[in-house]
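Peer 1: Structure incoming, see below.
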Amino acid sequence: MNQPIIDLRSDTVTKPTPEMRAAMAAAEVGDDVYAEDPTINRLEARAAEVFGKEAAIFVPTGSMGNQIALRLHTQPGKEVVCEARAHVLDWEMGMAAVFSGCQLRTVAGQRGVLRWQDIEPALSTTGLYYRAQTGLVWIENTHNMAGGTVTPLAVMQELVAGAHDRGLPIHLDGARVFNAAVALGTDVATLTRGFDTVNFCLSKGLCAPVGSMLVGSAADIARARSLRKALGGGMRQAGILAAAGLIALDEMPERLHEDHANAKLLASSLNGVEGVSIDPAEVETNIVIFGVEADAAKFVADLKAAGMLAGAVGPRSVRLVTHRDVDTAACGRAAEIVQQVAAKALAHA
Ligand code: TLP
C-alpha cells in the first residue's frame, strides 16, 4: 500500500480539526467591517485577554498583521531594527518600504536571538538631521529561519526595557509565540509583557485554516482597523474563520509540546547521518533546519520523489516543520527517507 506523502514543509499546511469544522459550520456571523460579527468580536476579546493587552484585531495573515504594526509605529523615512534573517525582511515582499516608507536595519543575532547589547549600537536616536532615525525595534520569537529558536523570558524583558528607555516602540513577530511559551514553560502574556504590539498566527501550529491576530493598546488597535482596510483586509462574515480561531487559541497550544518532541526525534535520528549536519541540542521547538552536502533544492526534490515534502531554505540547508497532521511514526519514516536521500546524494557526489 502506498504511504501518504509526509508534508513537513511548514506548520501552515495543517488542516482544521473536526471540532473546528463543526464550530465553523455553526458560527454566528455578521459584517465585520461594521464590527458586527459576534464570533470575530469574541475572538478579539479573547486574544486581548490571553495576551493581557487592551485590544486585538483579527487579520487574514501574519504578514498583514506585521505590516499593520510596522505602519502603526513608524513614519516614512524611519528605520526598523530587526534580526538579519527576520521574516519581515526575507518574506514580506519589501512591504516595509512599500506600505510604510521605512528601511530595515539588520543585526545578526546568536542563532536568531537578539540581546539588547546587539541592538543598541544599531540605533540611531540622536536626532542628527542628516541620518535616518530609528522608529521601531522588531523581534521574532520563535525565530523561523534560525530554526525555531527561542528568545528567553529574561531577554524579552531586557529588550522591552532597552527599547522603552530609548523612547522606542517594540513589536513582536510572534507568529509562533505559543511555541516559544511552551518551550519556556511560561504563558504568552508573561512572555510578551511590555511589547507595544504582538502579532501571532492561528493558522500555523494552532491549526486554524486562516488568520492571525494583532494585539496591543486600544488606541493602536483602533488605528489598525483603518490600516487593515487600506490593505484590503476588511472581511465580512469572517466569523466562520474566527470560530476555528477560538479553538486554535484556547485548545491547541496545549498540544504543541508533541510537535516539539517530534522535532527533537527527527533531529536526533538525523544526528550523525553522513551527508547531514545537525545539532539536536539546537532544536528547541517545531522547526528543524539541517545542512546537506548537496544542492538543497535537488535534495528536496529527491525527498519529494521518495515520499516527503520539505523546504530548501538556503543553498545547502533544508527545513522540516513538525505539526499536528504528521504523527511520531510518520516523523520516524521521514527521518529514514532523509537518511536514504543523503546516502544517495553522497554516492552521486
Ligand atoms: N512563515 C511561513 C513562510 O512565509 C516562510 C512559514 O512557512 O514558516 N512571521 C513569521 C515568523 C512567519 O514564519 C510567517 C510565515 C509570517 C510572519 C507570515 O505569516 P503568513 O504566512 O500568515 O503571512
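Peer 1: Which one of the conditions (1) in a helix (DSSP H, G or I); (2) touching a residue at least 60 places away in the same chain (Cβ under 8 Å) does Ala56 fail to meet, given that it meets all the rest?
Peer 2: Result: Ala56 passes all but (1).
Peer 1: Please pick out the residue among Ala175, Ala180, Ala154 that is within 15 Å of the ligand (Cβ to nearest atom) and open to solvent by 20 Å² or more (accessible area, probe 1.4 Å).
Peer 2: Being within 15 Å of the ligand (Cβ to nearest atom) and open to solvent by 20 Å² or more (accessible area, probe 1.4 Å) holds for just one of Ala175, Ala180, Ala154, which is Ala175.
Peer 1: Is at least one residue of the range 67-80 out of contact with any Gly (no Cβ under 6 Å at 6 or more places or on another chain), open to solvent by 70 Å² or more (accessible area, probe 1.4 Å) and within 23 Å of Gly232 (Cβ to Cβ)?
Peer 2: Yes, the range 67-80 contains at least one residue that is out of contact with any Gly (no Cβ under 6 Å at 6 or more places or on another chain), open to solvent by 70 Å² or more (accessible area, probe 1.4 Å) and within 23 Å of Gly232 (Cβ to Cβ).
Peer 1: Moving on to the next point. Which one of these is within 24 Å of Pro60 (Cβ to Cβ), touching a Phe, Trp or Tyr at 6+ places or on another chain (Cβ under 9 Å) and of a type outside the set (A, V, I, L, M, F, W, C): Gly245, Gly311, Gly232?
Peer 2: Testing whether each residue is within 24 Å of Pro60 (Cβ to Cβ), touching a Phe, Trp or Tyr at 6+ places or on another chain (Cβ under 9 Å) and of a type outside the set (A, V, I, L, M, F, W, C) leaves just Gly245.
Peer 1: Out of Lys264, Lys298, I need the residue that is at pLDDT 95 or above, outside the structural domain of Gly185 (by TED's automatic domain parsing), within 19 Å of Asn141 (Cα to Cα) and not in a loop (DSSP other than H, G, I, E, B). Which one?
Peer 2: That would be Lys264, the only listed residue that is at pLDDT 95 or above, outside the structural domain of Gly185 (by TED's automatic domain parsing), within 19 Å of Asn141 (Cα to Cα) and not in a loop (DSSP other than H, G, I, E, B).
Peer 1: Please tell me if Met64 is under 22 Å from the mean Cα position of the chain (by Cα) and not assigned by TED's automatic domain parsing to the domain that holds Asn144.
Peer 2: In short, no.
Peer 1: So, in the range 1-41, of the ones that are within 25 Å of Asn179 (Cα to Cα) and among the charged types (D, E, K, R), which residue ends up most open to solvent (accessible area, probe 1.4 Å)?
Peer 2: Arg21
Peer 1: Sticking with this one: Being more than 15 Å from the ligand (Cβ to nearest atom), in contact with a strand residue (DSSP E or B) (Cβ under 6 Å, 6 or more places away or on another chain), of a type outside the set (Val, Ile, Thr) and within 19 Å of His260 (Cβ to Cβ) is the filter here, so list the residues in the range 271-328 that pass it.
Peer 2: The one that is more than 15 Å from the ligand (Cβ to nearest atom), in contact with a strand residue (DSSP E or B) (Cβ under 6 Å, 6 or more places away or on another chain), of a type outside the set (Val, Ile, Thr) and within 19 Å of His260 (Cβ to Cβ): Phe290.
Peer 1: Just checking, how many residues over the range 199-240 are open to solvent by 40 Å² or more (accessible area, probe 1.4 Å) and assigned to a helix (DSSP H, G or I)?
Peer 2: Selection size over the range 199-240: 9.
Peer 1: Something else now. Scanning the range 42-56 for residues that are open to solvent by 90 Å² or more (accessible area, probe 1.4 Å) and acidic (Asp, Glu), which turns out farthest from Val210 (Cα to Cα)?
Peer 2: Glu54
Peer 1: With the requirement that a residue be surrounded by fewer than 24 Cβ atoms within 10 Å (Cβ to Cβ) and out of contact with any Gly (no Cβ under 8 Å at 6 or more places or on another chain), what does the range 134-149 give you?
Peer 2: Our first condition is that a residue be surrounded by fewer than 24 Cβ atoms within 10 Å (Cβ to Cβ); within the range 134-149, this holds for 134-135, 145-146.
Within the range 134-149, Thr134, Gly135 qualify.
Peer 1: Moving on to the next point. In the set Ala224, Ala242, which member is within 30 Å of Glu19 (Cβ to Cβ) and touching a Ser or Thr at 6+ places or on another chain (Cβ under 7 Å)?
Peer 2: It is Ala242.
Peer 1: Right, something else. Pairs please, first residue from the range 108-125 and under 19 Å from Asp173 (Cα atoms), second anywhere and of a type in the set (Asp, Glu) and open to solvent by less than 80 Å² (accessible area, probe 1.4 Å), Cβ atoms under 6 Å, 6+ apart in sequence or on different chains.
Peer 2: Gly109/Glu83; Gly112/Glu83; Leu114/Glu83; Trp116/Glu158
Peer 1: Here's a follow-up. Here's a check for you: in the range 183-198, which residue that is part of a loop (DSSP other than H, G, I, E, B) and within 15 Å of the ligand (Cβ to nearest atom) is nearest to Glu19 (Cα to Cα)?
Peer 2: Looking at the filtered set, the residue picked out is Thr192.
Peer 1: Which ranges mark the helices (runs of 4 or more DSSP H) fully within the range 87-139 that have 1 or more residues being within 15 Å of the ligand (Cβ to nearest atom)?
Peer 2: 87-90, 95-100
Peer 1: Could you say whether any residue in the range 72-79 is within 12 Å of the ligand (Cβ to nearest atom), in the same structural domain as Gly174 (by TED's automatic domain parsing) and on the phi > 0 side of the Ramachandran plot?
Peer 2: No.
Peer 1: Let me ask something additional. Looking at the range 7-24, which of the residues that are of a type outside the set (S, T, N, Q) and within 16 Å of the ligand (Cβ to nearest atom) is nearest to His143 (Cα to Cα)? Break it down stepwise before answering.
Peer 2: Taking the range 7-24 as the starting set, the residues that turn out to be of a type outside the set (S, T, N, Q) are 7-9, 11, 13, 15-16, 18-24.
Subsequent filtering for residues that are within 16 Å of the ligand (Cβ to nearest atom) retains 7-9, 11, 13, 15-16.
Values: Asp7: 21, Leu8: 17, Arg9: 16, Asp11: 14, Val13: 19, Lys15: 23, Pro16: 24 Å.
Out of the qualifying residues, it is Asp11.
The values are calculated or read from the model by the stated rules, or taken from the named source; none is laboratory data. Model, not experiment: these values are computed from the prediction. Cβ atoms come from the backbone with ideal geometry, glycine included; neighbour counts cover every protein chain shown. Just the protein is used for accessible areas: all its heavy atoms, side chains included, with ligands, DNA and RNA removed. Shrake-Rupley method; radii C 1.70, N 1.55, O 1.52, S 1.80 Å.
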